[in-house]
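Notes to accompany the following structure.
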Amino acid sequence: MDLCFPPFVRKPAGNALFGLLLITLSTMATAPPCHSAPPNVLLIISDDQSWTDFGFMGHPTIRTPHIDRLARQSAVFPHAYVPSSLCRPSLATMVTGLYPHQHGITGNDPPRGTDRSKMLKHIQAHPTLPRWLATKGYRSLQTGKWWEGHPRLAGFTDAMTHGDPKRGGRHGDLGLKIGRTGLKPIMNFIDDCGETPFFIWYAPFLPHTPHNPPKRLLDRYRAEDRPIELSRYYAMCTWFDETCGQLLDHLDRKQLSDNTLVLFVVDNGWIQRTPQTEVPKGWRFRFAPSSKRSPNEGGIRTPIMVRWPGHIKPGTRQALASSIDLAPTILAATDVRPEKTLPGHDLLALAAAPHATRETIYGEIFAHDVADIDRPAASLQFRWVRHGGWKLISRTGSTTPQLFNLANDPHETRNLAGSQSDRASRMRQLLDNWWNPARRKSRP
């Protein structure tokens, strides 16, 4: 373990027993539990999974019983998104609470011939969840997918990833074993923390390729009329679900669940390519078009869940949400006040308002390989905005947008920009007011 903080214990007030005697039984039945310590935080991040591919989201075949149970215990935001549909910028948004054009991490790899260590300055330049939480005495553990060199550059006190490119460290190295080879590093970390509050980054390489599930799971999904590629992917989703169940069960056994804030999100979407999938000429990816790396729902949409027993009422929320909201939600729950206002919303507050609405959310898609480390606009491919039930996609260099009515067309099959030109113009103005690269020659 790296750079561990000493134990942090918050003692209960001396008159706590007297106070409890004054509480009526009726109040005890509805009041949230009183905790003597700040909440632990567990962030679960699925890797390459479509927003549709869960039991609780209505998939007819994929079985995810453990995540479904988490959904029943959580505030669920089914209309949620990641700003960017590529793993590195998406994960950087989660840990910083900033959009990619703000934190400067826009693509997976540097310009050809550039040492990738030169990109690590961005993660060091911004506050991050581990650094914020350290001010409250938290220890933080990184496991799974991680692109930003050694996790201590982002303030993690403990880590699986060594982050050394010379030793094969690009996007997780040893950390990518988590889940696929068990959860012992996380369980040991929890035990070692004792009374110290902890933050766990659980971003397993699941259901990400290689799609090599255990045979016992693959056999569940084998069918004569189902391509083997699809069977393997389905089984990977169930394998990921099993690891989530093991982790949540461990919290139960340690009697930590009631004081642990659990958040769930997917880093970006995935639609499995099969031999029957229609793809453009020269398409070389294992995923289908309009999923990963695209601004379409198959690339950017994800369910987001927040569970904190006694503090947040389970149930579905129809308000729009974004992974940009994860950091401000965690900071609000742990009573951390950042020096600068973050662009996201506190989902605890959004979930608490029964009729809360959120009209607009934004995102941006950049090239896989960064064109200019210090100028996000150089790699920009798409910007997108969802406003109410409508979504506009603006492609860099094109004056012809795409406009979809998601309420009637959730899979974006009919471009209505021509027949709804006024609406498209208004939504394009929303995008420009949010971020106009023509006016931003350097990183904001």
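FYI, it's all coordinate maths here, none of it is from the lab. Keep in mind that this is a model prediction, so the values were computed, not measured. For neighbour counting, all protein chains shown are included, and Cβ atoms are generated from backbone atoms with ideal geometry for every residue, glycine included.
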Mind listing which GluC sites (Glu not before Pro) in region 172-233 are in a DSSP loop and have 12 or fewer other Cβ atoms within 10 Å?
GLU195, GLU224
Footprinting exposure proxy for PHE77, PHE285 (fewest neighbouring C-beta atoms within 10 Å first):
PHE285, PHE77
Please report, in whole Å, how far the alpha carbons of region 322-443 spread along each principal axis, starting with the longest.
47, 39, 23
For region 365-439, what does the relative contact order come out to in percent, with C-alpha contacts under 8 Å and a separation of six or more?
21
What ranking of SER398, SER294 emerges when the number of other C-beta atoms within 10 Å of each C-beta is taken as an exposure proxy, fewest first?
SER398, SER294
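Where in the chain are the DSSP H helices whose C-alpha atoms run 27 Å or more along the long axis and whose mean Kyte hydropathy is at least 1.6?
none
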Non-local residues with an amide H under 5 Å from the amide H of ILE304, with H modelled 1.01 Å from N and Pro and chain starts lacking one, are PHE77, ALA80
Highest mean packing first, using Cβ neighbours within 10 angstrom, the peptides 420-432, 134-146, 271-283, 50-62 sort as 134-146, 50-62, 420-432, 271-283
Centroid-to-centroid separation of region 391-436 and region 57-120 [C-alpha atoms, Å]:
23
Per-peptide average of other Cβ atoms within 10 Å, ordering 147-155, 102-110 highest first:
102-110, 147-155
Apply the Karplus curve 6.51 cos²θ - 1.76 cosθ + 1.60, θ = phi - 60°, to the phi angles in region 383-396 and return the couplings in whole Hz, x for Gly and Pro.
10, 9, 9, 10, 10, x, x, 10, 9, 10, 10, 10, 8, 4
GluC sites (Glu not before Pro) restricted to DSSP loop in region 346-444 with at most 15 other C-beta within 10 Å
GLU359
Gyration tensor (alpha-carbon) shape descriptor, region 221-281, a/c threshold 1.5:
oblate
Shape box of the chain [Cα atoms, principal axes, largest first, Å]:
70, 49, 45
Ranking THR400, THR316, THR64, THR243 by Cβ neighbours within 10 Å, fewest first, what do you get?
THR400, THR316, THR243, THR64
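Kindly provide the trypsin sites (Lys or Arg not before Pro) of region 208-239 that DSSP labels as loop, not H, G, I, E or B, and whose Cβ sees at most 13 other Cβ atoms within 10 Å.
Working: sites: LYS215, ARG216, ARG220, ARG222, ARG232; in loops: ARG222.
The qualifying sites are ARG222.
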Along its three principal axes, how long is region 387-432 when you only count alpha carbons? Whole Å, largest extent first please.
27, 18, 17
